[in-house]
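Take a look at the structure below.
The values are calculated or read from the model by the stated rules, or taken from the named source; none is laboratory data. Computed from a predicted model, the values in this text were never measured in an experiment. Cβ placement follows ideal geometry from the backbone for every residue including glycine, while neighbour counts extend to all protein chains displayed.
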């Protein structure tokens, strides 16, 4: 099962401690979870990208402050439609950090292109270790119970899943959940790439299906 939500964004202000910077915190509006590895673009009112960044493990991002004026942020993750923020007045001398509560709409066809003509790609196939596999819970297998677990997680630039980022969104049977979380804590994937270089990536609403084949 997949969860699809409408794109939305709400803004809350808080003091910015470092002068000469603009930035904020990106939070999942449904779960309250701070979102790592979200791509953030700072755009002027013509849509020109002034700077790019990515949220850190704690969901924060920052840029060197641009010239005083009107800008907006666009937030992107793989396989979801970008969330475009409102036009905001940014003044480096008085700037305050903001918390952005976002809801990404699922779009499997969406390919995140950050730089024209340069290949970007999401995390790829597992690279190991050899023992990393999803184990079908014996109790459910014996009873021929099938199901799906839908998960949020982030993959760092080495291909490892960030443990604190793992969040089960839904499960047809909660007894499937430990098998998925244990797998994600062990596996190493081919990392995502941005501008041809390994990069972290946030994977939202990823389904893990358990089925019994004859």
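Scanning region 38-47 for residues that are under 11 Å from the mean Cα position of the chain (by Cα) and part of a loop (DSSP other than H, G, I, E, B) yields one hit, 38.
Yes/no matrix, rows are residues, columns are (1) over 19 Å from the mean Cα position of the chain (by Cα); (2) within 24 Å of residue 76 (Cβ to Cβ); (3) in a helix (DSSP H, G or I):
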site: 130; (1), (2), (3): yes, no, no
site: 145; (1), (2), (3): yes, no, no
site: 157; (1), (2), (3): no, yes, no
site: 169; (1), (2), (3): no, yes, no
site: 180; (1), (2), (3): no, no, yes
site: 203; (1), (2), (3): no, yes, no
site: 209; (1), (2), (3): yes, no, no
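Apart from one condition, residue 203 fits all of (1) over 24 Å from residue 28 (Cβ atoms); (2) out of contact with any helix residue (DSSP H, G or I) (no Cβ under 7 Å at 6 or more places or on another chain); (3) crowded, with 16+ Cβ neighbours inside 10 Å; the exception is (1). Does region 41-49 contain any residue that is modelled with pLDDT of 90 or more and closer than 22 Å to residue 153 by Cα? Scanning region 41-49, I find at least one residue that is modelled with pLDDT of 90 or more and closer than 22 Å to residue 153 by Cα, so the answer is yes. Determine if region 16-23 includes at least one residue that is at pLDDT 90 or above and either part of a strand (DSSP E or B) or touching a helix residue (DSSP H, G or I) at 6+ places or on another chain (Cβ under 9 Å) (or both). No, every residue in region 16-23 fails to be at pLDDT 90 or above and either part of a strand (DSSP E or B) or touching a helix residue (DSSP H, G or I) at 6+ places or on another chain (Cβ under 9 Å) (or both). As a summary of the residue check, residue 175 satisfies the conditions (1) assigned to a helix (DSSP H, G or I); (2) touching a helix residue (DSSP H, G or I) at 6+ places or on another chain (Cβ under 8 Å); (3) surrounded by 16 or more Cβ atoms within 10 Å (Cβ to Cβ) except for the one numbered (3). Residues in region 24-37 that are closer than 16 Å to residue 120 by Cα and outside any loop (DSSP other than H, G, I, E, B): 0 in all. Among the residues of region 58-79, write down those that are in a loop (DSSP other than H, G, I, E, B) and either touching a helix residue (DSSP H, G or I) at 6+ places or on another chain (Cβ under 9 Å) or under 24 Å from residue 193 (Cα atoms) (or both). 58, 59, 77, 78, 79 - these are the residues of region 58-79 that are in a loop (DSSP other than H, G, I, E, B) and either touching a helix residue (DSSP H, G or I) at 6+ places or on another chain (Cβ under 9 Å) or under 24 Å from residue 193 (Cα atoms) (or both).
Does region 48-57 contain any residue that is more than 19 Å from the chain's Cα centre (by Cα), more than 15 Å from residue 98 (Cα to Cα) and either touching a residue at least 40 places away in the same chain (Cβ under 8 Å) or not in a strand (DSSP E or B) (or both)? Scanning region 48-57, I find at least one residue that is more than 19 Å from the chain's Cα centre (by Cα), more than 15 Å from residue 98 (Cα to Cα) and either touching a residue at least 40 places away in the same chain (Cβ under 8 Å) or not in a strand (DSSP E or B) (or both), so the answer is yes.
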